[in-house]
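Here it is, the structure, as structure tokens.
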Amino acid sequence: MRVENSRNKTVYSKLIAIALIVLLVAYCASAPFIINAINTEKAHKSTVVIDAGHGGIDSGVSGAKTGVEEKVVNLKIAFYLGEILKARGYTVVYTRRNDAMHEFDGVGNNKKRADMFKRGEIINTAKPFAVVSIHQNFYSAPTRRGAQVFFNKKSEDGARLANVLQSALNAKINLADGGREYSPLCAQKYLLECSPYPSVIVECGFLSNFADEQNLVLPEYQYRMATVIADGICSFAAQS
């Protein structure tokens, strides 16, 4: 009886171990870069990843009056931001340069997931000191306007980056144009969680608000927005 019990315990232990391995493999397959959040590799101090949100069939929100697609505005601001940062001596890595979605090996049945996983791979390969994802907001109340920053609550450096950028946007965009300030907010988004590097999402304005929408379709305003974000990134770099 004792020998039989010992064998049963051994078999049970092996089954538990196999089950844990299967669960771990399944988890990593469904979100292959989240595990990199515990990675301690040092960031490249001069590298910034700029993510233009959406793209391809994923157009994001649309302007209430003009019908402008978010993905278009995102890419234009991202390119302005990249050029400004490169002129200031930074290395810039874009997650997308055109109106397309990425493919990712092993994820062929979900274009959105494949696209996000590839962006995560780009970020982790670049090892940047900052990741900035450019987006546009939309809200049911058309009076809501202004730029707001989001970060991962588990990332202290992400929170610091968000606070620096939000302060710059409040001073040079929100107070000047809308007469109010915002505080940065936490968000659960893949791009904020897929790497150990400080990451934020910048919602540059509300395409549901007439004034914001009219501004965001203008190249001079897109450049102004990019300049303010670049100023915030440079301030964050100086503090790091």
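Here is a yes/no grid of residues against (1) under 20 Å from ALA238 (Cα atoms); (2) not aliphatic (A, V, I, L, M):
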| position | (1), (2) |
| --- | --- |
| ALA162 | yes, no |
| LEU165 | yes, no |
| ASN170 | yes, yes |
| ARG180 | no, yes |
| ALA187 | no, no |
| SER199 | yes, yes |
| GLU203 | no, yes |
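For residues that are open to solvent by 70 Å² or more (accessible area, probe 1.4 Å) and over 15 Å from the mean Cα position of the chain (by Cα), scanning just segment 143-159, find the one that is farthest from CYS186 (Cα to Cα).
For segment 143-159, the residue satisfying everything is THR143.
Any residue that is open to solvent by 70 Å² or more (accessible area, probe 1.4 Å), at pLDDT 95 or above and more than 26 Å from ASP231 (Cα to Cα) - is there at least one of those in segment 78-90?
Scanning segment 78-90, I find no residue that is open to solvent by 70 Å² or more (accessible area, probe 1.4 Å), at pLDDT 95 or above and more than 26 Å from ASP231 (Cα to Cα), so the answer is no.
Can you tell me which residue among LYS189, LYS172 is touching a residue at least 12 places away in the same chain (Cβ under 8 Å), within 30 Å of HIS102 (Cα to Cα) and surrounded by fewer than 20 Cβ atoms within 10 Å (Cβ to Cβ)? Full working, then the answer.
Details: LYS172 fails: within 30 Å of HIS102 (Cα to Cα).
One residue alone meets the criteria, LYS189.
Filter segment 111-134 for residues that are assigned to a strand (DSSP E or B) and out of contact with any helix residue (DSSP H, G or I) (no Cβ under 6 Å at 6 or more places or on another chain); which is surrounded by the fewest Cβ atoms within 10 Å (Cβ to Cβ)? Lay out the reasoning, then the answer.
Filtering segment 111-134 down to residues assigned to a strand (DSSP E or B) leaves 128-134.
Next cut, out of contact with any helix residue (DSSP H, G or I) (no Cβ under 6 Å at 6 or more places or on another chain) only: 128-129, 132.
Working: PRO128: 26, PHE129: 22, VAL132: 26.
Among residues in segment 111-134 that are assigned to a strand (DSSP E or B) and out of contact with any helix residue (DSSP H, G or I) (no Cβ under 6 Å at 6 or more places or on another chain), the one surrounded by the fewest Cβ atoms within 10 Å (Cβ to Cβ) is PHE129.
I would also like to ask the following. Taking GLU220, is it within 25 Å of VAL72 (Cα to Cα) and over 18 Å from the mean Cα position of the chain (by Cα)?
Criteria met by GLU220.
While we're here: Conditions first: (1) open to solvent by 70 Å² or more (accessible area, probe 1.4 Å); (2) among the β-branched types (Val, Ile, Thr); (3) under 20 Å from VAL200 (Cβ atoms). VAL49 passes all but one, so which condition is the exception?
Looking at each condition in turn, VAL49 falls short on (1).
Within segment 199-239, how many residues turn out to be open to solvent by 10 Å² or more (accessible area, probe 1.4 Å) and under 18 Å from ASN152 (Cα atoms)?
Here the count works out to 2.
Any chance segment 19-35 includes a residue that's outside any helix (DSSP H, G or I), on the phi < 0 side of the Ramachandran plot and at pLDDT 65 or above? Step through it out loud before you land on a result.
Start the filter on segment 19-35 by keeping residues that are outside any helix (DSSP H, G or I), which leaves 31-33.
Among the residues that remain, those that are also on the phi < 0 side of the Ramachandran plot are: 31-33.
Filter again for at pLDDT 65 or above, leaving none.
There is no residue in segment 19-35 that is outside any helix (DSSP H, G or I), on the phi < 0 side of the Ramachandran plot and at pLDDT 65 or above.
Same structure again: Considering only segment 154-240, give the helices (runs of 4 or more DSSP H) lying wholly within it that have at least 1 residues that are modelled with pLDDT of 95 or more and of a type in the set (Ser, Thr, Tyr). Let's see the steps before the verdict.
On the way: elements: 156-169, 190-193, 210-216, 219-239.
Qualifying helices (runs of 4 or more DSSP H): 156-169, 190-193, 219-239.
The values are calculated or read from the model by the stated rules, or taken from the named source; none is laboratory data. Small disclaimer: the values here were computed from a predicted structure and weren't measured. Cβ coordinates were reconstructed from backbone atoms using ideal geometry, including for glycine residues, and neighbour counts include every protein chain displayed. What goes into the accessible areas is simple: the full protein's heavy atoms, side chains included, and nothing from ligands, DNA or RNA. Shrake-Rupley method; radii C 1.70, N 1.55, O 1.52, S 1.80 Å.
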